[in-house]
1. Any idea which of (1) buried (at least 19 other Cβ atoms within 10 Å of the Cβ); (2) at pLDDT 85 or above is the one Q30 doesn't satisfy?
2. Have a look at L59, L73, L63 and point out the one that is of a type outside the set (S, T, Y), without any contact (Cβ under 8 Å) to a residue 40 or more places away in the chain and in a helix (DSSP H, G or I).
3. Inspect all residues belonging to region 180-202 and state whether any of them is assigned to a helix (DSSP H, G or I), within 29 Å of S245 (Cβ to Cβ) and without any contact (Cβ under 8 Å) to a residue 24 or more places away in the chain.
4. Could you grab me the full set of residues in region 366-389 that are of a type in the set (V, I, T) and at pLDDT 90 or above?
5. Of all helices (runs of 4 or more DSSP H) completely enclosed by region 315-409, which ones contain at least 3 residues that are under 23 Å from L144 (Cα atoms) and not aliphatic (A, V, I, L, M)?
6. For the list (1) closer than 26 Å to A411 by Cα; (2) in a helix (DSSP H, G or I); (3) in contact (Cβ under 8 Å) with a residue 60 or more places away in the chain, I need the number of the one condition that P305 fails.
7. May I ask you to list the residues in region 373-390 that are under 17 Å from V275 (Cβ atoms) and not small (G, A, S)?
8. Suppose we filter P115, P120 for residues that are more than 20 Å from Q215 (Cβ to Cβ), at pLDDT 60 or above and surrounded by 13 or more Cβ atoms within 10 Å (Cβ to Cβ); which single one remains?
Amino acid sequence: MVIKEWMHSDALSSVLMKPILSLAHVREAQAIQKLTDGRLSSVYSANQTIHLPPLLLALLKPLLDFSNPDLLLAIALLVVDLLISYMMETVGQKFLLSKRTQAMIEEEQEQAKLPDVIKPQNDHIFPINLESKPIIPIESLPLLAAMAYFFSPVCTISANVYGCFQNIPAFLLMAALHEFLKEGGSDMQLALFLALASYIHPHYCVFLVPFILLQFEKQFESNTYKKALLVLYFLLWSTTLQWLSFRLVGQEVYWSVLEASYGCGWNTIGPSLSVQWYLYIQLFSRFRDYFSTILLGLPWLLVAPLTVRLHKYPMVMVAILSTVWTVFAPVQTLFDMNFSMVFFLLSPKSLARMGKASLIAIWSIMVPVILNVVDQWMWFEANTGNANYVFFQSLGYNVFVCIILAEFCSASLQRDKALRLAAKERATKTLDEKVQMEKVQS
């Protein structure tokens, strides 16, 4: 009984689930609809307490008609996690082993020729080419990534205990990657998966950039037509989804539904691993719209510089963009961090250059998480704490995440710079040898 009460406590659920993406949120929407005029559009007029996109809400509402919807949803989400793990392993196998592009082969050849001074410091742990024999062989990385996701208790507890379907956007992103890398994959289906994920979380549309870069690698040459077609398909599917939402809720409330579904939602935000809830309770009301706009816009501003610097490494960009959203999300959970870290394992050449600070951060990150849960319990249950206790633990967690992200970005840039320096040194050496030969001949 004590364990059950603790599992369902607000303190523990705040770090494991997103209330908006839960069956309880769907039940709340159904209750509001019954208490009003019975129309779906009336759900979004209750002080913006409902934030699910209308199509997703309409799709999940029939689930409540079953005798045990929680059990059905838990089984469905378990299958979704299995599919994510399978696609993670398949994508890793194809990306690291079988679907190796000419650029990847050339990079591995360059890595083997690097001077000892600029070689990766952790190449004895993570593989930098197929011939290397590190502690973690490259063949085991895809399976390791799949296991790191599926066997994480974060996925099991959030789905089976809380009925949280926060793994649906992650499933759609993995389905898009799987569709892209499989033989005869359809760009239209890829765009559909990405549009569906973006319909739930608009930030997922930034992953269109890595897919365009992967399209370039796949074709071995710049194919403007294929890139434009992929963007066109994505816009077509996204427009279709928004048109269906428009038809579902009506013209009168459509724009308010957009604001409720895709806005920051500070009016109903609660304590989590994010620090935005603390800004909400500390800021004057006149400044809240300004700061919510800034925090929503910052992740989008980082896409362009990341693309300029890391356009040669699309999978690295997927990992970084996923982690950036983890930092700036209004409601953060451990699921977001777990899913982002899995992509790191698919970029071993960058992991081989990460420093000790990231290792310390990885081992220390659970300390503020545990203290966050304890401090929330002290605040809400025991009434012996306050918001400042929880804020500093949330801040510590985000600092550790930012350290890991900064180390990964720095390692990826060092990886690119080392290859450039080595290529420049060899070109200079070749030119000097050519000049010497010409002098001898003359």
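The values are calculated or read from the model by the stated rules, or taken from the named source; none is laboratory data. Values in this document were obtained by computation on a predicted structure and should not be read as measured data. Cβ: placed from backbone, ideal geometry, glycine included. Neighbour counts: every protein chain shown.
1. Exception for Q30: condition (1).
2. Working: L73 fails: without any contact (Cβ under 8 Å) to a residue 40 or more places away in the chain; L63 fails: without any contact (Cβ under 8 Å) to a residue 40 or more places away in the chain.
Step by step, each of L59, L73, L63 is checked, and only L59 is of a type outside the set (S, T, Y), without any contact (Cβ under 8 Å) to a residue 40 or more places away in the chain and in a helix (DSSP H, G or I).
3. At the first step, the residues of region 180-202 found to be assigned to a helix (DSSP H, G or I) are 180-181, 187-200, 202.
Narrowing the set further to residues that are within 29 Å of S245 (Cβ to Cβ) leaves 180, 187-200, 202.
Narrowing further to those that are without any contact (Cβ under 8 Å) to a residue 24 or more places away in the chain: 189, 193.
Taking every residue of region 180-202 in turn, at least one turns out to be assigned to a helix (DSSP H, G or I), within 29 Å of S245 (Cβ to Cβ) and without any contact (Cβ under 8 Å) to a residue 24 or more places away in the chain.
4. We begin by selecting, within region 366-389, every residue of a type in the set (V, I, T); these are 367, 369-370, 373-374, 384.
Those that are of a type in the set (V, I, T) and at pLDDT 90 or above: V367, V369, I370, V373, V374.
5. Details: elements: 334-344, 348-351, 356-364, 366-380.
Of the helices (runs of 4 or more DSSP H) lying wholly inside region 315-409, those with at least 3 residues that are under 23 Å from L144 (Cα atoms) and not aliphatic (A, V, I, L, M) span 334-344, 348-351, 356-364.
6. Here P305 meets the rest and fails (3).
7. V373, D375, Q376, W379, N386, N388, Y389, V390 - these are the residues of region 373-390 that are under 17 Å from V275 (Cβ atoms) and not small (G, A, S).
8. Numbers: P115 fails: surrounded by 13 or more Cβ atoms within 10 Å (Cβ to Cβ).
The match here is P120.
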